[in-house]
Amino acid sequence: REMDLTSCSREGEGREVHWLPCGIDYDGEAKGMEEHFRSSVVTTKEGTKEAYLRGRHLKGTELPLPQGYSAVVLEKRHEGGDFQEGSKSSWEAVGGSPCITYWNHTTNPSETDAQRRALEFLDMNEALNGE
């Protein structure tokens, strides 16, 4: 498998990266995201975000990534036709973002959320290893 990250330097091209509290057992094109998810996102007066995905209430916040890190949006490319047996596949970066929006089920985002703590590990690793 190959991975082309040459477009990673194009951060902030309007790509949004969302960390959802669910698994999605689907690998096709995500049609209707603008209509069914993004259009429902509102920012509260406290600065958090609220949205609905398939009828489920979500609460989230934008989380900047640590210095030197960015979220990368990848698309899978298939040579020799889509998903044919023996076809060669690769990944291509189609954009990036210096932050992510993470979501909880019905609870407000907090400093103790697992998502925040996972990203704090990157800062802690850098401090410990001097990288």
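Side notes on the structure shown:
- So Thr107, is it of a type in the set (Val, Ile, Thr), closer than 21 Å to Val42 by Cα, at pLDDT 85 or above and assigned to a loop (DSSP other than H, G, I, E, B): yes
- His78 at pLDDT below 80 and either surrounded by 11 or more Cβ atoms within 10 Å (Cβ to Cβ) or assigned to a loop (DSSP other than H, G, I, E, B) (or both): yes
- Criterion violated by Glu50 - all others in (1) surrounded by 10 or more Cβ atoms within 10 Å (Cβ to Cβ); (2) over 16 Å from the mean Cα position of the chain (by Cα); (3) outside any strand (DSSP E or B); (4) at pLDDT 80 or above satisfied: (3)
The values are calculated or read from the model by the stated rules, or taken from the named source; none is laboratory data. Note that the structure is predicted; figures quoted are calculated from it, not measured. Cβ sites come from the backbone with ideal geometry, for glycine too, and all protein chains shown count toward neighbours.
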